[in-house]
Amino acid sequence: MTDFTLADLETIVAARAGSEDPESYTAKLARKGVPTVARKLGEEAVEVVIAALAEDERALAGEAADLLYHLVVLLHLKKVPLSAVMAELGRRTAQTGLQEKAARPAAD
């Protein structure tokens, strides 16, 4: 078991995103901006679904790691701290999922 957390990943992404290191994938990705990162996040989400449907646990773990990484990069670029996401999850889990969903404002 590892002690590595999403907060650790957030710290690493923040440090590398502004780096001038030509070998840093995070820096290269961050320079391409939100549209590219958002597109990459969508691709990773599809790959997670494919791995899940293939019932390949190792592939699913790898694709899930890619998905979380790209999500953290996107959050960084949009200046949304992981703590805000965690607070929202905490708020939502204070009630059942159906109660939380029913309390959301209706879509226009």
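Among the residues of the range 19-37, which ones are under 16 Å from the mean Cα position of the chain (by Cα) and among the polar types (S, T, N, Q)?
Answer for the range 19-37, where residues must be under 16 Å from the mean Cα position of the chain (by Cα) and among the polar types (S, T, N, Q): Thr26, Thr36.
Which of the numbered conditions does Gly97 fail, given that it passes all the others? Conditions: (1) over 28 Å from Ala17 (Cα atoms); (2) surrounded by 13 or more Cβ atoms within 10 Å (Cβ to Cβ).
Just one mismatch for Gly97, condition (2).
Answer yes if at least one residue in the range 19-28 is under 21 Å from Ala87 (Cα atoms), among the hydroxyl-bearing types (Ser, Thr, Tyr) and surrounded by 18 or more Cβ atoms within 10 Å (Cβ to Cβ), and no otherwise.
In the first step, residues of the range 19-28 are kept if they are under 21 Å from Ala87 (Cα atoms); the result is none.
No.
Taking only the range 50-74 into account, find how many residues are of a type in the set (A, V, I, L, M), crowded, with 18+ Cβ neighbours inside 10 Å and in contact (Cβ under 8 Å) with a residue 24 or more places away in the chain. Steps first, answer last, please.
Step one: of the range 50-74, the residues of a type in the set (A, V, I, L, M) are 50-54, 59-61, 64-65, 67-68, 71-74.
Now restrict to residues that are crowded, with 18+ Cβ neighbours inside 10 Å: 51, 60, 67, 71-74.
Pick out the ones that are also in contact (Cβ under 8 Å) with a residue 24 or more places away in the chain and you get 67, 71-74.
Looking only at that region, the number is 5.
Pairs, please: C-beta under 9 Å, at least 6 apart or cross-chain, first residue closer than 23 Å to Arg31 by Cβ and free of Cβ contacts under 8 Å to residues at least 60 places away in the same chain and in the range 1-19, second among the hydroxyl-bearing types (Ser, Thr, Tyr) and not in a helix (DSSP H, G or I)?
Listed pairs, sorted by first residue: Arg16/Ser24.
For the range 66-95, give me the residue count where each residue is among the acidic types (Asp, Glu) and either under 15 Å from Val37 (Cβ atoms) or touching a Gly at 6+ places or on another chain (Cβ under 9 Å) (or both). Explain how you work it out, then say what you get.
Taking the range 66-95 as the starting set, the residues that turn out to be among the acidic types (Asp, Glu) are 66, 88.
Retained after the next criterion (residues that are either under 15 Å from Val37 (Cβ atoms) or touching a Gly at 6+ places or on another chain (Cβ under 9 Å) (or both)): 66.
Adding up the residues that qualify gives 1.
I'm trying to understand the selection: among the residues of the range 70-108, which are modelled with pLDDT of 85 or more and not in a helix (DSSP H, G or I)?
Residues satisfying the conditions are Lys78, Lys79, Val80, Pro81, Thr93, Ala94.
The values are calculated or read from the model by the stated rules, or taken from the named source; none is laboratory data. These numbers were taken from a predicted model, which means no experiment stands behind them. No Cβ is skipped: glycine too gets one built from the backbone with ideal geometry, and neighbour counts run over all protein chains shown.
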